[in-house]
Amino acid sequence: MKFSFKNDYSEGCHPNILHALLQYNLEQQAGYGEDEYSLKAKELIKKRIGKDNSDVYLVSGGTQANLIVISSVLRPYQCAISASTGHILNNETGAIEATGHKILSIETEDGKLRPSDIIPVLENHRNVPHQVMPKLIYISNSTELGTIYQANELKELSEFCKQNHLYLFMDGARLGHGLTSEISDLTLEKVAELTDIFYLGGTKNGALIGEAIVINNPALQEDFAFNIKQKGALLAKGRLLGIQFLELMKDDLYFDLAKHANQQAMKIKNALQEKGVKFLSDTYTNQIFPILSNGLIQVLSENFEFFVWKKIDEEFSAIRLITSWNTGDEAVNRFIEIIKEEL
């Protein structure tokens, strides 16, 4: 059997969640997110971010969260701005565009957006009312390239958005991994303070399914529940999501799982660096992008599943390796062993 480093949602769920789902299975509960577990989970999240006035909604997946948020907060003539590597541009089958909202793309080397990247886009969209109106800045932490925002970077971006009347929305599919990176100085409380909306991703960090949308801007909270329902995201058996997030938020399990995934990735990264391997981007999360010879990639593919990310030249390509909350030492040690044998 091959070990998989292909994605971080190929795992099942953490045993605590499975146990809780079984434990509470025969209890009758209210539907549509009004069950006691969903309500407690939402309170735990609000307590963790230190914002009692934020609204929390539990939905099933990342694409669903992005679609609902962006289509809900934008008017028909407004658009989103994203790095060219953004998930909403490359991995969501035009879901945002299908709701009638254009995405303006910005090329960046590290997958992050900065005010200096956004200013030219704003300046090129001043022909009112003949062009779409940029209104929402979409970012991810960690990004699709495994990079992260530091506190000063997010603060600068947040202040820029306020000055230019833009919403700041953070895709948090891998937020746990971003916040527990060994180089991160950003906290969940700071994310809540500096963004209009973000979400905590559970699907890629220990849950079966689930993302927790957190709306911090009061102006965006009104009638949001109608959008959840209209987009088919209001689960009748909302307890499925509530139980999972209740378990994830207990005793910081969510962050412990993400930290483990990061640590496993760093073991592989360090071993590759010791052998002189270069990387497509310098990451400290559970995604790494080593540049390897095509021959070595073929050898590794006999024992592991991973994604060939980018062709560098005729002889070398960058691969993407993703570790998860459930990535064990056996898989990591075997990968390192082959690297040491072949390099």
Quiz item: Per residue, how much accessible area does the chain have with a 1.4 Å probe, in Å²?
Solution: 46
Self-check item: Cross-link pairs beyond the 25 Å C-alpha cut-off, checked among K155/K269; K42/K229; K237/K259; K46/K269
Solution: K155/K269; K237/K259; K46/K269
Exercise. Wrap a convex hull around the Cα atoms of segment 164-208, take a quarter of its surface area, and give that in square nanometres.
Key: 3.7
Quiz item: In sequence order, what are the phi-derived ³J(HN,Hα) couplings for segment 239-247 according to the Karplus relation 6.51 cos²θ - 1.76 cosθ + 1.60 with θ = phi - 60°, rounded to whole Hz, with x for glycine and proline?
Solution: 4, 4, 7, x, 4, 5, 6, 4, 5
Practice problem: Consider all pairwise Cα distances in segment 139-298 and report the whole-number % of them above 21 Å. | Solution: 54
Practice problem: Give the Rg/Rh ratio for segment 214-343, taking Rg as the radius of gyration of the Cα atoms and Rh as the Kirkwood radius, to two decimals. | Solution: 1.14
Quiz prompt | Loop GluC sites (Glu not before Pro), segment 1-84, which have at most 10 other Cβ atoms in a 10 Å radius of their Cβ (DSSP) | solution = E27
Practice problem: Per DSSP H run of at least 4 residues, take -39500 (n - 2.57); add these up for the chain, divide by its residues and hand me the 222 nm value, nearest 500 deg cm²/dmol. | Solution: -12000 deg cm²/dmol
Quiz item: From Cα coordinates alone, what are the radius of gyration and Dmax values for the chain in angstrom?
Solution: 20.5, 62
Quiz item: Could you give the dipole magnitude of segment 15-251 about its Cα centre, charging the beta-carbon of Lys and Arg +1 and that of Asp and Glu -1, in debye to the nearest 20?
Solution: 400
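The values are calculated or read from the model by the stated rules, or taken from the named source; none is laboratory data. Worth saying up front: this structure is predicted, and the values here are computed from it rather than measured. Backbone-built Cβ (ideal geometry, glycine too); neighbour counts: all protein chains shown. In case anyone asks, the SASA skips ligands and DNA or RNA and just uses the protein heavy atoms, side chains included. Shrake-Rupley method; radii C 1.70, N 1.55, O 1.52, S 1.80 Å.
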